[in-house]
1. Could you compute the net charge surrounding MET43? Neighbours are other residues with a C-beta less than 12 Å from the C-beta of MET43; K and R count +1, D and E count -1.
2. Cα extents of the chain along the three principal axes, largest first, in whole Å?
3. Between rounded, prolate and oblate, where does the stretch 319-395 land on the alpha carbon gyration tensor, with a ≥ b ≥ c its root eigenvalues, rounded for a/c under 1.5, else prolate if a/b exceeds b/c?
4. How many nm separate the modelled label positions at ARG281 and ILE386, each set 7 Å beyond the Cα in the direction of the Cβ?
5. Compute the FRET efficiency between GLU468 and HIS349 as 1/(1 + (r/R0)^6), taking r as their Cβ-Cβ distance and R0 = 35 Å, and round to the nearest 0.05.
6. Here are some pairs, LYS355/LYS479; LYS53/LYS242; LYS67/LYS341; which of them have Cα atoms lying more than 32 Å apart in this structure?
7. Please identify the DSSP H helices in the chain that span no less than 20 Å along the helix axis (Cα) and have a mean Kyte-Doolittle hydropathy of 0.0 or more.
8. Please report the spacing between the Cα centers of the stretch 104-131 and the stretch 397-447 in Å, no decimals.
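Values quoted throughout were computed directly from the atomic coordinates according to the rules given, and no laboratory measurement underlies them. These figures come from a predicted structure and were not determined experimentally. Heads up, the Cβs are rebuilt from the backbone with ideal geometry, glycines too, and the neighbour counts pull from every protein chain shown.
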Amino acid sequence: MPAKTGQQYIDNLKKANNNVYMDGERVDDVTEHPAFKNAIQSMAKLYDLQYEKPDKMLYTSPTTGEKVGKTFMVPRTVEDLIERREAIAEWQNFTKGLMGRSPDYLNAEIMTMGEAADFYGEGDPMFAENARKYAEFARENDISLTHTLIHPQVNRAKIQAEQKDANVALHVVEKNDNGVVVDGIRLLATQAGITDEILVFPSTVKKSGELDDPYSLAFAIPNNTPGLKYLSREAFDYGKNKYDHPLSSSFEEGDAIVSFDNVLVPWDRVFVLENSSICNRAFGETNAVVHMSHQVITKGIAKTEFLLGVTLTLMDSIGIDGFQHVKDKGTEIMLTLENMKSHLYRAEHNAKIDKWGVMTPDFEALDAARNWFPRIYPRMTEILRILGASGLMGIPTYNDFANEDIGPILHRAMQGKNVEGYERVQLFRLAWDLTMSAFGSRQTHYEYYFFGDPVKMGMAYFDKYDKEPYKEAVRDFLKRENIVKPDLVKS
């Protein structure tokens, strides 16, 4: 079937009736619940955008001839890679990079599963065929996915097998003719109950050993599978109007703890089973991490462009754009944006065909960017907060302006250099929702931990960085000077 529309996405969620809990109660219909309905509407707009811009966002399926989402497309040339990224950018520019788990993120992983399916065959030839077929199924049905990678934070000093409650983490219970029965908890599924299926993969931030084999698995199942529950955190969409909460009222994705209560995973949905070695190597050897990073850097650019635009507009609205320290802070964000664009350009134009036949970006460029962005994003939001100053605290609501007694007072009191009070407060509420609200704070925290602990990521980056050429250059320089070694004084 062709790429789905927004209404089909909503209809599928209604029909699925996923097992979602919010604030201690089971949600009857996520499409109508105040915690989810606005994010669902935003997701629906993403699917509709595919049909509004078919040349940018759709391509002909290699198996059915239907028009399917270009974010699933396998790039064979640099031009393909750029074309695929431009489709990703359409979605990211719509959400301003604020829906970090929009469908394009996991579509990159699914694409690599199909092309590098033979890797999964190391565990069992059946798993290779499963990966290949699932990639086709997801593409042809435009499946939206959530995913979960990490175990509960019980005692990070011990491996799962040594935990006091070794069964709290998701693990294999039994294998039978129908499939694999799994039980336990996983963290932390973004867009959990508002997607079609869940992709369960291991985290590779902390490598697993043989004792972790019962916890080392990968599979995909529908979100309404019996025994699967999503325990959602408090929503940061408070049901306010778009003037008061312009971002959280549209892009609050939600996050959830995932509970598996003796869930049966059919054999044809299993990709990795009780094999820590395959789990540790999956993202690297299939180049999933490269293509997912390509999407993430595209998202980061869209987010930085939006943050820069808000910052510049705020500067202008209150006439601070001529001050030296203000310009310097604006320059910080501009430099971040241009650096991110440069990393992306290098990644695409140095791309090469990998062993799976996929045109793959230069990971050195993407790896630098994905390590750097989590460290710099909190600084950019800090800049916006500093420049907004007390103006980010004095932000009346829409209802305040609508009040006939105090509305005119506020409209006059809150005016800016070239904007009226109502418009200036609207801008400042946008800046506040981007940086200081519960939604904005979550965005900063989310970016900081996007790929895991930045310190661990930095250590891994340092360890694998090719340091020898730089040390060799120093040794060559010292040899070149021909400094005669003096006779050492004997003690």
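1. Here the count lands on -2.
2. Largest first, the chain extends 83, 72, 52 Å along its Cα principal axes.
3. Prolate shape, in that a/c is at least 1.5 and a/b is the bigger ratio.
4. 4.7
5. The value I calculate is 0.85.
6. The answer is LYS355/LYS479.
7. What comes out of the filter, once short or polar helices are dropped, is 288-317.
8. 47
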